[in-house]
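These notes are about the structure you will find just below.
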Amino acid sequence: MIVDKLGRRFRNLRVSLTAACNFACTYCVPDGKRLMKAQNELPGSDLLKAVTCLQQASGIDKLRITGGEPLVSTKFDEFLLGVMQLPLDDVSLTTNGQLLLQKSAVIRESGIRRLNISLDSLNPLRFKQLARGGNLNTVLAGIDAMLAFGIKLKINMVPLRNQNAGDVLPMLEYCLERGIELRFIELMRMGHMLHSNSFQAEFMSMASLLDVIGTSYEFERTDAPYDSTAARFRIPGKGVFGIIANESEPFCHSCTRLRLSSDGYLYGCLSSARRQYIGDLLQLPLYQMLPKLQGRLIDALGDKKEAFQGETTVMKLIGG
Ligand code: SAM
Ligand code: SF4
């Protein structure tokens, strides 16, 4: 097993199916830009093969399908059905929810048990201003459809001081009523946010979020799994919410994440632009490929930083 000097190893793999997206969220995409496919994206069969081999080479046991927006990718059906056949402990999907209704048949057929849906506001105007694409009612109908299938949902919200801070309590109420775990993600200094003044202006810390929540709810801190990135809180009798407090409570010391981009690069760390290409290995016979893949995994683990500093890498390339 490949382990670094902090005892970290890869367990969680995030695969970005495509860098393209039908939204252009303000914190993810610079003004005036839309997300396009990366050049030389790998076909679904190669991405599936990469997952199988990474599992053999490094003991990955959890997989998250992400993007860009994974549901806009023509690879989505094949990839989802394929990974559900692999001996993984857990498969989940992160989506902006816009195409959930369209993809509901394959999602149901796949047997996937967990989805994370990103949603930053329940107010149609603010939703449009933040997502710069999509339709709130369609996303909400998709959420209802997934709940009706009995799929366990988490909703990811990035709270921004001057944009959707007023949505924190309505979002929490909406999620608690439906048995959905709401996860607030502290704004990260990624991509155009790294050198933007709006990071300081918009950043809401865990403490300020808890202050807002404390005006309406009593809560207590509860346990989170060892390699979980979220601090979790219980509202007695109502449910649980989480905060991914990248700045307030960094979790680099226990990070088990590995990311595979749609164009075949391994990223060992969100906070490093260093990446290892594996697209060239996928056609080799297994006995030649596995030792080479292990070498690239060692390099990717070596790319992990000890503290999060932000990076110019764009989240849509590596899937958040
Ligand atoms: N398109 C899908 C979605 O939005 O769920 C999957 C990809 S998206 C890059 C994954 C997650 O990253 C989303 O929950 C999004 O809110 C989050 N994200 C993107 N940019 C971020 C930033 N600068 N800070 C914090 N979270 C960010
Ligand atoms: Fe697209 Fe997700 Fe980025 Fe929003 S956060 S622009 S939905 S990739």
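The values are calculated or read from the model by the stated rules, or taken from the named source; none is laboratory data. Please read all numbers here as calculations on a predicted model, not as lab measurements. Because the Cβ atoms are built from the backbone with ideal geometry, glycine has one as well, and the counts that use them run over all protein chains shown. Protein only, heavy atoms only, side chains kept; ligands, DNA and RNA dropped before computing areas. Shrake-Rupley method; radii C 1.70, N 1.55, O 1.52, S 1.80 Å.
How many percent of DSSP beta bridges within the chain run antiparallel, rounded to 5?
Looking only at bridges with both residues in the chain, the antiparallel portion is about 30 percent.
Name the residue, out of Ala50, Ala148, Ala231, whose mean-square fluctuation peaks in a Gaussian network model built on the chain with Cα pairs under 10 Å.
Maximum among the listed residues: Ala148.
Counting other Cβ atoms within 10 Å of each Cβ, which trypsin sites (Lys or Arg not before Pro) in region 161-198 have at most 16 and sit in a DSSP loop?
The qualifying sites are Arg161.
So which cysteines of the chain have no other cysteine's Cβ under 4.7 Å from theirs?
Cys21, Cys53, Cys175, Cys252, Cys255, Cys269 - these cysteines have no disulfide-compatible partner (Cβ-Cβ under 4.7 Å) in the chain.
What's the FRET efficiency of Leu286 with Ala105 using the Cβ-Cβ distance as r and R₀ = 30 Å, to the nearest 0.05?
0.30
Carbon and sulfur together cover what percent of the accessible area of the chain at a 1.4 Å probe radius?
Accessible surface attributable to carbon and sulfur in the chain totals 51 percent.
In square angstrom, what is the accessible area per residue of region 1-141 with a 1.4 angstrom probe?
42 Å²
Anything over 25 Å Cα to Cα? Flag those among Lys154/Lys305; Lys5/Lys154; Lys128/Lys304; Lys103/Lys128; Lys154/Lys304, in the order listed.
Lys154/Lys305; Lys5/Lys154; Lys128/Lys304; Lys154/Lys304, as the Cα separations exceed 25 Å there.
Mind telling me which of Ser121, Ser45, Ser272 comes out most flexible in a GNM of the chain, alpha-carbon contacts under 10 Å?
Comparing Ser121, Ser45, Ser272 in the GNM, the peak value goes to Ser45.
At 222 nm, what helix-only mean residue ellipticity would the chain give, in deg cm²/dmol to the nearest 500, using -39500 (n - 2.57) for each DSSP H run of four or more?
The per-residue figure over the chain is -9000 deg cm²/dmol.
Which aspartates and glutamates have a Cα lying under 19 Å from the Cα of Lys75, excluding residues fewer than 8 positions away in the same chain?
In chain and number order, the partners are Glu41, Asp46, Glu109, Asp263.
Taking 0.36 nm per residue of sequence separation and subtracting the Cα-Cα distance, how much length would be gained by fully extending the chain between Ala145 and Arg178, in nm to one decimal?
Contour length minus Cα-Cα distance gives 10.6 nm.
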